[in-house]
Protein chains: 2
Amino acid sequence: MLESNKPKDCQNLCNDFHSTIEFLGKRWMGIIIYSLFKGPKRYHEIMENIPGISDRLLTERLRDLEKEGLIVKRILPTPKRKVEYELTQSGKKLEDVFLTIVAWTQAKNES
Amino acid sequence: MLESNKPKDCQNLCNDFHSTIEFLGKRWMGIIIYSLFKGPKRYHEIMENIPGISDRLLTERLRDLEKEGLIVKRILPTPKRKVEYELTQSGKKLEDVFLTIVAWTQAKNES
DNA sequence: TATATAACTTACTAATAGTAAGCTTAAATA
DNA sequence: TATTTAAGCTTACTATTAGTAAGTTATATA
């Protein structure tokens, strides 16, 4: 997904930016990642953290994130089926990006 | 737009992040802003910079950006109708965010 | 006068998101 | 033992958003 739909005549910087923002910008994507910064979470915990999201889309986004290597899914061998999602190293590094976005939003709302 | 659809039980940081990413994450939004970092551009110049975008969506996004105060539209009094779009102070400050995204993408692609 | 270009607008189709219901496995409770 | 409840999905369908194609207005040039 990060590979497809590349604009053809803009530079590399622009390509890097475009592919990433089109992926991270899909509905709910950002906030799903955001909710995992504090540590691994179970499916229904993520749902509870994100009012308004549907289970269908949550599943779809989690698959996208797995495919891109930003999260890992772990099925725990505990009684009562337990599935956990955790950010990979790559995923965790997005925290910088997210903090910059929050800072920008706050600066904007103050002025 | 930055105001609507707020999740109810996540903290302020999370609200700030959510509203902003849902706005910036709309299709083509990021790359339109990106293309204006180098300075004001005319409608068709933006189009030429962003292969794949349609004129309908470009117009729609430019209106959204105006409404949020991230760009200004300027109709120049030159012969041959000339319209220019320029980032506001708020808009220009997004460059930090964007550079962090590019840096993250490059780090990811290298590893 | 005919054609071209800039910057849109409108109408319509295709893709993506949202809603609602159902499925499966296991544990908890009656 | 039978029934209910919960987690983690899947499927089918509707609504919203994006993409495509054509039309509009005003000036400019051949």
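What pairs come up if the first residue lies in segment B:72-84 and is more than 16 Å from B:Met47 (Cβ to Cβ), the second is modelled with pLDDT of 70 or more and in a strand (DSSP E or B), and their beta carbons are under 7 Å apart, counting only those six or more places apart or on different chains?
B:Val72/B:Glu86; B:Arg74/B:Glu84; B:Arg74/B:Glu86; B:Ile75/B:Val83; B:Leu76/B:Lys82; B:Leu76/B:Glu84
Could we say that A:Lys93 is more than 10 Å from DNA strand D (Cβ to nearest atom), at pLDDT 90 or above and of a type in the set (D, E, K, R) here?
So A:Lys93 passes the test.
If you scan segment A:36-63, which residues turn out to be within 12 Å of DNA strand D (Cβ to nearest atom) and under 30 Å from B:Ser111 (Cα atoms)?
Selection gives A:Pro40, A:Lys41, A:Arg42, A:Tyr43, A:Ile46, A:Leu57, A:Leu58, A:Thr59, A:Glu60, A:Arg61, A:Leu62, A:Arg63.
The values are calculated or read from the model by the stated rules, or taken from the named source; none is laboratory data. Computed from a prediction, not measured in an experiment: that's the story for all the values here. Don't worry about glycine lacking a Cβ; one is built from the backbone with ideal geometry, like all the others, and counts go over all protein chains shown.
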